Amino acid sequence: MIVCINTVFARLFKKANIEVKSMNKTIQEVVQGNNTPLGHKLFKKRISSRNQGKRGAYRSILYYRNGELMVFIYLFAKNDIENITPKEMKEMIILSRLFDTMHDQEIQKAISEGKFVRWNYEEE
């Protein structure tokens, strides 16, 4: 499985003070089906930060194509905003449809062009 973060998520992740192990745990939970489905292979998932548990920390929006591809799209602090807007959701659905058509070669190209950052995640 390929796990990536897009450039927006990467920038927000750096500022959020999230540990790598929290991100890896989040990935593992999504694979196991522990997530909130938004439709169109999009999910909302909590991610804990260094100083807080999951409850007050961050929410991520991600695309997950069962066992093949996971792309983290957006990250927000629960304290800053309650949820994404309908307009943002429409934009993410468009991204989801694009991700649906991407094959390994296109994903690798997006990584090499800097559109995605590959996350070093080892499946257990």
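Quick note: the coordinates plus some simple rules give every number you see, no bench work behind them. Every value quoted in this text rests on a predicted model; they were computed, and no experiment measured them. Positions of Cβ are generated from backbone atoms using ideal geometry, with glycine treated the same way; all protein chains shown enter the neighbour counts.
Figures for the structure shown
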| quantity | calculated |
| --- | --- |
| Out-of-range pairs (alpha-carbon distance over 21 Å; input Lys21/Lys87; Lys15/Lys115; Lys25/Lys109; Lys44/Lys109; Lys14/Lys78; Lys25/Lys45) | Lys21/Lys87; Lys25/Lys109; Lys44/Lys109 |
| From the coordinates shown, Cα extents along the principal axes in Å corresponds to which of (1) 44, 41, 24; (2) 52, 43, 27; (3) 38, 34, 27 | (3) |
| Spin-label model distance (nm) - Lys115 vs Arg11, 7 Å beyond Cα toward Cβ | 1.7 |
| Relative contact order of segment 20-84, pairs being alpha-carbon contacts under 8 Å that are 6 or more residues apart, as % | 23 |
| Segment 2-118, relative contact order [Cα under 8 Å, separation at least 6], % | 31 |
| FRET E, pair Asn83, Gln32, Förster distance 22 Å, beta-carbon r, rounded to 0.05 | 0.40 |
| Dipole of segment 2-118, positive end: most advanced residue of Thr26, Ser49, Cys4 [Cβ charges, Cα centre] | Ser49 |
| Computed FRET value (nearest 0.05) for Glu19 with Arg97, which takes r as the C-beta separation and R₀ as 22 Å | 0.10 |
